[in-house]
Amino acid sequence: MCIRDRFEYQGSLLRDAGPEDRRLGLYARLESGSLAFQPGWPRLEEVAATLHLDNQQVLVDQASARLWTTRLTGVQVSTGRRQPGDALHLDVASQFDGPLQDGLRLLQDTPLASATGDRLQGWTGDGQVQGRFALQLPLRDAATPEVEAQWRVEARQLEIPPLRAALGDLQGAFSYSLSLIHISEPTRRYAIS
């Protein structure tokens with residue numbers, strides 16, 4: 001649902017006019033929206049944001065949303081090209097707060113699974129997670145997203161199949177970048193089966 005909007009077109013109306021001969025602009029304040037932005041990625045619900053469109057550049061700010069049961073706040077979204085002629089890319093940054101199950105689902109059931117080499121496949125857990133992430137997603141087929149994330153976990157239980165271990169009362173700060181997961185300040189209780 002759009003609350004306020006403004007549309008602007010400047011330039012030539014001639015059929016043969018090139019993109020440099022015209023400019024398209026849009027401003028909209030969105031409330032109670034829903035967004036499905038690419039196949040394989042989960043839909044965002046309860047989207048509230050300000051949208052700015054200037055030709056091919058898109059900027060979304062002052063945004064919040066819900067991903068499953070996790071709240072996203074401070075969301076920033078933009079599109080652009082790294083170099084002229086490159087494919088468009090989507091940059092997303094946000095803070096999040098929600099159940100650990102949502103975080104594991106995001107890393108296991110989306111294109112992030114292939115980006116992380118499926119390292120977290122089969123992990124299950126119960127607890128809370130909060131943090132922030134940045135996602136750079138090239139908008140072309142078979143492109144690998146770049147992800148950087150920092151989060152704090154308070155898990156009542158975390159099952160890690162390769163270790164054949166259940167970690168209980170796990171707390172710690174995690175970060176993910178360049179296919180590496182780093183854990184700092186961990187405290188935990190082991191139950192090995």
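The values are calculated or read from the model by the stated rules, or taken from the named source; none is laboratory data. Please read these numbers as outputs of a predicted model, since none were measured by experiment. Note that each Cβ is placed from the backbone with ideal geometry, even for glycine, and that neighbours are counted across all protein chains shown. Just so you know, the surface numbers come from the protein's heavy atoms only, side chains and all, with ligands and any DNA or RNA stripped out. Shrake-Rupley method; radii C 1.70, N 1.55, O 1.52, S 1.80 Å.
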Among (1) assigned to a loop (DSSP other than H, G, I, E, B); (2) within 21 Å of residue 35 (Cβ to Cβ); (3) open to solvent by 40 Å² or more (accessible area, probe 1.4 Å), which single condition is residue 76 missing?
(1)
Quick check on this structure: which one of 108, 121, 128 is of a type in the set (S, T, N, Q) and in contact with a Lys or Arg (Cβ under 9 Å, 6 or more places away or on another chain)?
128
Screening 83, 38, 56, 10 for residues that are modelled with pLDDT of 85 or more and open to solvent by 40 Å² or more (accessible area, probe 1.4 Å) leaves only 10
Which count do you get for residues in region 93-110 that are within 17 Å of residue 61 (Cβ to Cβ) and either surrounded by fewer than 20 Cβ atoms within 10 Å (Cβ to Cβ) or at pLDDT below 85 (or both)?
2
All but one of (1) surrounded by 16 or more Cβ atoms within 10 Å (Cβ to Cβ); (2) assigned to a loop (DSSP other than H, G, I, E, B) hold for residue 113; which doesn't?
(2)
Restricting attention to region 120-153, and to residues there that are surrounded by 14 or more Cβ atoms within 10 Å (Cβ to Cβ) and of a type in the set (Asp, Glu), which single residue is nearest to residue 85 (Cα to Cα)?
146
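For every residue, the table says whether it meets (1) assigned to a loop (DSSP other than H, G, I, E, B); (2) among the polar types (S, T, N, Q); (3) out of contact with any Lys or Arg (no Cβ under 6 Å at 6 or more places or on another chain).
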| position | (1), (2), (3) |
| --- | --- |
| 8 | no, no, yes |
| 13 | yes, no, yes |
| 23 | no, no, yes |
| 26 | no, no, yes |
| 33 | no, no, yes |
| 45 | no, no, no |
In this structure, is residue 158 of a type outside the set (Ser, Thr, Tyr), touching a helix residue (DSSP H, G or I) at 6+ places or on another chain (Cβ under 8 Å) and outside any strand (DSSP E or B)?
no
Hey, any hits in region 48-60 for a residue that's more than 22 Å from residue 140 (Cα to Cα), polar (S, T, N, Q) and touching a residue at least 24 places away in the same chain (Cβ under 8 Å)?
no
